[in-house]
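Right, one structure below, let's go through it.
The values are calculated or read from the model by the stated rules, or taken from the named source; none is laboratory data. As the structure is a prediction and not an experimental result, all values here were calculated from the model. Here the Cβ positions follow ideal geometry from the backbone for every residue, glycine too, while neighbour counts run over all protein chains shown. SASA here: full protein model, heavy atoms, side chains in, ligands and nucleic acids out. Shrake-Rupley method; radii C 1.70, N 1.55, O 1.52, S 1.80 Å.
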Amino acid sequence: MKYLWDSALGLLVVTGGLLGLTLPFGKLATAAGVPAMVWAFVISLGAGGVLLCVLLARGERIRLTAHKLRYFFVTAAVSYAVPNLLMFSAIPHLGAGYTGIMFTLSPVITLVFSILLRVRRPNMLGVIGIAVGFVGAIMVAVTRGEAGQPANLFWVVMGLLIPVSLAAGNIYRTVDWPDSTGPIELAVGSHLASAALLFAGILALFGLKAFATLGGVPTVVVAQVASASAMFAFFFRLQAVGGPVYLSQIGYVAAAVGLFAGTIFLGEHYQLLTWAGAVIITAGVFITTRAQNQKA
């Protein structure tokens, strides 16, 4: 476990795999009538609650400061509440596998934001990687979801906003990381803040009756909370070990898990152009990663 905790590659594989499980779990839940906002709340409250118990069991506690509160709520909105709400809203229209492909754009968009904010200067290889990833994204976008079931363009755009939000979160968490604060404390605070934001939204839009829908998928709820809790503990550690651009590559692993889970277990089918676009996006990710390594 210590080797895994210090290995960027190991953390990448584990975190991306656990993130990928969110896609089929989310499709099962929304298909059973659970609103997207309620399922996003389940993830944040479940992960935040379990990790808070771990933190307290270790004899630690959250020491609140103005900086940490800002970090918790900005991270909650940009990294969790918004992308999860977009993801679970889009999955019924686009499919778990197609929605998962959107995660693969996160590394490219993270690099674009790094360039625009002057966190990192581009080199020619980085520019090529961004261009290749963009071509792949266009190929995936024009297929509009599952084969034979083209989704409304609105949902394709909503799906494309997922990696934009994730990329913004990748940059923010690195730039504003509070000093002398561990990854589990940040995960707890950010998820509980996300749960608070989502709970307010649920009360305003649906009322408490919306939570009754969770009774139809108790096993999925338990599985989702367990995988989300483990994922976010590794997630913040990967942020500290690998940095924002390396972290963003969990989208590649998550997309693979989501695509194959959707195809094999959920009966989803995608056009050849979708698969080709996913491969080209992956190539763009590898090119941008190579560019990052050269710069380093």
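Among (1) under 30 Å from residue 127 (Cα atoms); (2) open to solvent by 20 Å² or more (accessible area, probe 1.4 Å), where does residue 57 come up short?
If we test residue 57 against (1) under 30 Å from residue 127 (Cα atoms); (2) open to solvent by 20 Å² or more (accessible area, probe 1.4 Å), just (1) comes out false.
Say whether the condition of being under 15 Å from residue 169 (Cβ atoms) and surrounded by fewer than 21 Cβ atoms within 10 Å (Cβ to Cβ) is met by at least one residue in segment 243-263.
The answer is yes, given that some residue of segment 243-263 is under 15 Å from residue 169 (Cβ atoms) and surrounded by fewer than 21 Cβ atoms within 10 Å (Cβ to Cβ).
With the requirement that a residue be open to solvent by 70 Å² or more (accessible area, probe 1.4 Å) and over 23 Å from residue 112 (Cα atoms), what does segment 274-286 give you?
Across segment 274-286, the qualifying residue is only 275.
Any chance you could count how many residues in segment 52-89 are out of contact with any Leu (no Cβ under 9 Å at 6 or more places or on another chain) and either in a helix (DSSP H, G or I) or more than 20 Å from residue 233 (Cβ to Cβ) (or both)?
Residues meeting the conditions: 14.
Could we say that residue 253 is of a type in the set (A, V, I, L, M, F, W, C) and touching a Pro at 6+ places or on another chain (Cβ under 9 Å) here?
no
Considering segment 243-279 alone, what residues qualify as being without any contact (Cβ under 8 Å) to a residue 60 or more places away in the chain and part of a helix (DSSP H, G or I)?
Selection gives 264, 272, 275.
Can you report the number of residues in segment 197-225 which are without any contact (Cβ under 8 Å) to a residue 60 or more places away in the chain and either hydrophobic (A, V, I, L, M, F, W, C) or under 19 Å from residue 23 (Cβ atoms) (or both)?
Total satisfying the criteria: 7.
Out of 46, 10, 16, report the one residue that is part of a helix (DSSP H, G or I) and either without any contact (Cβ under 8 Å) to a residue 24 or more places away in the chain or in contact with a strand residue (DSSP E or B) (Cβ under 7 Å, 6 or more places away or on another chain) (or both).
The match here is 10.
Consider residue 82 carefully, then state whether it is open to solvent by less than 30 Å² (accessible area, probe 1.4 Å), farther than 19 Å from residue 185 by Cα, at pLDDT 90 or above and of a type outside the set (Gly, Ala, Ser).
Against the criterion (open to solvent by less than 30 Å² (accessible area, probe 1.4 Å), farther than 19 Å from residue 185 by Cα, at pLDDT 90 or above and of a type outside the set (Gly, Ala, Ser)), residue 82 does not qualify.
Restricting attention to segment 105-126, does a residue exist that is buried (at least 19 other Cβ atoms within 10 Å of the Cβ), in contact (Cβ under 8 Å) with a residue 24 or more places away in the chain, under 18 Å from residue 190 (Cβ atoms) and among the hydrophobic types (A, V, I, L, M, F, W, C)?
no
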